[in-house]
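Single-structure report; data block below.
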């Protein structure tokens, strides 16, 4: 079964069955991660870091709110907090 077929089939399942599938999938991923050698783990971390570089670029997703840097925030009087 292809990934797209699995994703389409998930839409037809109830929440309980979806959660069972998600749990089983996560367990498989953890088992695979735990079976990796140190070199394989380092390779995966390096790949993840290279993938994340785009997010930290000047127009990346993680910098989207930096446009708000330096803007004033409204200060509420202390009596409003009580």
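Brief remarks on what is shown
- The chain: angle of helix 15-34 to the longest principal axis, Cα-based, in degrees nearest 10: 80
- Options (1) 39, 25, 16; (2) 17, 15, 11; (3) 37, 23, 8 - which one matches semi-axes √(5λ) of the Cα gyration tensor in Å as calculated here: (1)
- Gain on full stretching of the segment that runs from residue 59 to residue 15 - 0.36 nm per residue minus C-alpha separation: 12.1 nm
- As a proxy for reagent exposure, 72, 55 were ordered by neighbouring Cβ count within 10 angstrom, fewest first; the result is 72, 55.
- Alpha-carbon centroids, region 36-54 and region 1-21: separation in whole Å: 29
- Label-point gap, in nm, between residue 72 and residue 27 - each point 7 angstrom along Cα→Cβ: 5.8
- Here the Gaussian network model covers the chain, with springs between Cα atoms less than 10 Å apart; of 25, 52, 11, 11 fluctuates the most.
Only the coordinates and a few stated rules stand behind these numbers; no lab work does. If you're wondering where the values come from, they're calculated on a predicted model, not measured in any experiment. Neighbour counts are summed over all protein chains in view; Cβ atoms, including those assigned to glycine, are modelled from backbone coordinates with ideal geometry.
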